[in-house]
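First up is the structure itself, then whatever we jot down about it.
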Amino acid sequence: MKRLLTSLLLGAASLALSGADFLKSLPGVSAIVSGYESADSVARRLGALPLCPIEGLWQMTDGGALFAVERAEPSTKIAPARLRMVMVRSPYRSVRPGTVIGHLQPTPKPGVYEARLYSDFARRSGLSVPRGFTLTLNADASTMTIEPFKFLLKVNVFRLLPYMYRRVIEPQKSRPDGLSGAVKVAPATDGHPLSPIYL
């Protein structure tokens, strides 16, 4: 019995490590893949496949960028789905269709995904600076919130200055958490949170 439990724990640990390796395999600078020049063709291709809830075409609520989430490699019974996020249409001309934005995979919490996404523009080479994010789907998988990982340590160098030179008022973030995200465009879901209702 102990051997069985030990082998199960070792198998789970190796799967967890392989998942972390997949997220860390995102290169320092983005790559471009073909087949994402037309949103309609991407939607048709995804519509013909069996999809997990996060797969599909998504549109950012701020800026309107359109991106696809799809499997980067086939999932098996013992390995979780490994997905990638690819730009289809960007408000920035420097980000071309087919630019890989990041990697993601499911967590043990339903509807919650861990991701490594590019967070900055490199002038010549595309997107850069991969960082950790949490992606959370709502109940009907029609919207997704995207939140960066939070850092627990904060260094305030102004504390080293004498009292007279310290800041009296420090600006605080006023925007609540959970407002950055995207709405699923295709395949269509039953929930359409941003569609107007006509009476």
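The values are calculated or read from the model by the stated rules, or taken from the named source; none is laboratory data. A quick note: this is a predicted structure, and the numbers were derived from the prediction, not measured. Glycine also receives a Cβ, built like all others from the backbone with ideal geometry; neighbour counts cover every protein chain displayed. For accessibility, only protein heavy atoms count, side chains too; no ligands or nucleic acids. Shrake-Rupley method; radii C 1.70, N 1.55, O 1.52, S 1.80 Å.
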| said: Solvent-accessible area of Glu114, probe 1.4 Å, all protein chains present, reported in Å² to the nearest ten, please. | reply: 70 Å²
| field | Calculated FRET efficiency for the pair Asp62/Ser25, C-beta based, R₀ 35 Å, to 0.05 | value | 0.75
| Additional length obtainable on full extension of the chain from Val129 to Ser41, 0.36 nm per residue less Cα span | 28.7 nm
| said: Let me check I've understood the local charge: for Leu117, count other residues with C-beta under 14 angstrom from its C-beta, Lys and Arg +1, Asp and Glu -1. What total comes out? | reply: +1
| Förster radius 30 Å - calculated FRET efficiency between Ser180 and Ser34 (Cβ-Cβ, nearest 0.05) | 0.55
